[in-house]
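Student: Pasting in a structure now, in structure tokens, and then I'll have a few things to ask.
The values are calculated or read from the model by the stated rules, or taken from the named source; none is laboratory data. All of these numbers come straight from a predicted model, not from anything done at the bench. Note that we place each Cβ from the backbone using ideal geometry, even for glycine, and neighbour counts take in every protein chain shown. Just the protein is used for accessible areas: all its heavy atoms, side chains included, with ligands, DNA and RNA removed. Shrake-Rupley method; radii C 1.70, N 1.55, O 1.52, S 1.80 Å.
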Amino acid sequence: MLAEKLLLHVLIFLAPVLIYGVLFEKRHNDRQLPYIYGILHGIAACLCMVFAYYSYGLFWDFRYVPLVLACLYGGPVAGTIVFITILVTRTILGGDALVFGYISGTAAAFVPFLFSRKFMQYKPKKRVQMALIVGAWPAVVMFCILVSYLFTVGFSTNQEIWVNIFLFGAIQIIGIGFAALLYEMVIERKLMKAEIQRSEKLNTLGELAASIAHEVRNPLTVVKGFLQLMKKENKGESMQYIPLVLSELGRAEAIINDYLNFAKPEFKKIEECQLSDVVYEVLFLMEPLALKQGVQLEVDLDTRCVIKTDRNQLKQAIVNFVKNAIEATGDGGSVSIKLTEHSTYAKLTVKDTGKGMNKEQLDRIGTLFYTTKDKGTGLGTTVSLRIIQSMDGKVNYESSPNVGTVVTVFLPTIKPSENVPLSVK
């Protein structure tokens, strides 16, 4: 009989998840989220207490499940709203064990509030596991309070009540796990929608960029060709301006090529190559810049990593990562480049001791036209990320202000063919 009554409570504390997913997911901003979670779960906690099942001289309900869910998925603000709602409702209901209700409520809220700030930093699978662990705490608290109350009033217990207590705890933990899974589905759907919208915007921008770049590059090429002919034939005073014009045309051509690579990276020559050789070539190009900036390069490369891709495109991406690291590092700092081989992929890490980035800047890395430099278009990093993604690779950024930035590039490796020599560097 108790199990049937408790299943009603399971539906009550699952209702806020479903209501949020249907009614509020598209109609709020991030600042409103804790208050929405707090109000919805506060109502659920109140209903659980109002419709509590009375048996063995005790009231059985799942009032603390909404508290746990609100703390974990809504944060401290949502948890506080639910906690206050529970205390107010308990006061209005009254009863002989009012003091025990206050004590159990405060104790049950302690652990969920401890995890409320850092819970969303975990990965989805870890969050479900943590929800189960944290959700078990109120059950333990209620068990201890229940035993204390029974011994205080001199209640004569029997085997059936202990079975019901175990059943109560089991249903509570399972219900929390199921609610956490529903929340993760809502979060995943929200992230998927955002990613789809972002992809659509990038595709539109890519088509626009490709169209403009193709139209502009042709006349630039013609102008550049005629200027080169003029440079060979003209010996007048205007000669001093021609190198400057050619330099600016080259810079414009490089930007247009970045637009084309952003729209769709072209892999013209696919070949097997030692990843360490490509990195060494990049370091040879970047060493003068490092010396000029007063930055020390530290290198640790595994020479066993073999990949199959367009060597020049890969070099362009790595040049950007290393160049950004050097430019972000002040005089006397260091940039370390480490390459390690794993079972099916290579891991390239570029770590600097520069100015670093805050969370807002880190979230915007890879956004078109966004850059932390005083001068720049922001295309370099975006193009590099597109190149690595086109190679079925992945790029991760980690950064802290005044500490530095770590860029980790993962690339799929292959088994080397006989015609690919081992690196001798």
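Student: Averaged over every viewing direction, what's the projected area of the C-alpha convex hull for the range 68-133? Give it in nm², one decimal, please.
Tutor: Quarter of the Cα hull surface area: 4.4 nm².
Student: Taking 0.36 nm per intervening residue step and subtracting the Cα-Cα distance, what contour gain separates VAL147 from LEU114 on full extension?
Tutor: Length gained between VAL147 and LEU114: 9.3 nm.
Student: Quick check on the range 306-365: what does the Kirkwood estimate of hydrodynamic radius come out to from the alpha carbon pairs, in Å?
Tutor: Taking every pair of different Cα atoms in the range 306-365, averaging 1/r and inverting gives 13.3 Å.
Student: To continue, here is another question. Kindly report, to the nearest 10 Å², the accessible surface of CYS46 as traced by a 1.4 Å probe over protein heavy atoms only.
Tutor: Looks like 40 Å² after rounding.
Student: Sort PHE13, PHE113 from largest to smallest accessible area, using a 1.4 Å probe on the heavy atoms of the protein chains.
Tutor: PHE113, PHE13
Student: Are there trypsin sites (Lys or Arg not before Pro) in the range 78-119 that DSSP puts in a loop and that have at most 11 other Cβ atoms within 10 Å, and which ones?
Tutor: On the way: sites: ARG90, ARG117, LYS118; in loops: ARG117, LYS118.
Answer in residue order: ARG117, LYS118.
Student: So what is the accessible area of the range 1-133 per residue, in Å², with the probe set to 1.4 Å?
Tutor: Values: 6870 Å² over 133 residues.
I get 52 Å² per residue for this part.
Student: With a 1.4 Å probe and all protein chains kept in place, how do LEU182, LEU72 rank by accessible area, largest first?
Tutor: Correct descending sequence by accessible area is LEU182, LEU72.
Student: Let me check the size of the range 58-104 from its C-alpha atoms; what are the radius of gyration and Dmax in Å?
Tutor: For the range 58-104, the Cα-based Rg and Dmax read 11.2, 33 Å.
Student: Now, a different point. Ratio of the range 1-134's C-alpha Rg to 2.2 N^0.38 Å, to two decimals?
Tutor: On the way: Rg = 14.9 Å, N = 134, 2.2 N^0.38 = 14.1 Å.
The reported ratio for this selection is 1.05.
Student: Let me ask you something else. THR106 accessible area, nearest 10 Å², 1.4 Å probe?
Tutor: Its accessible surface works out to 80 Å², give or take rounding.
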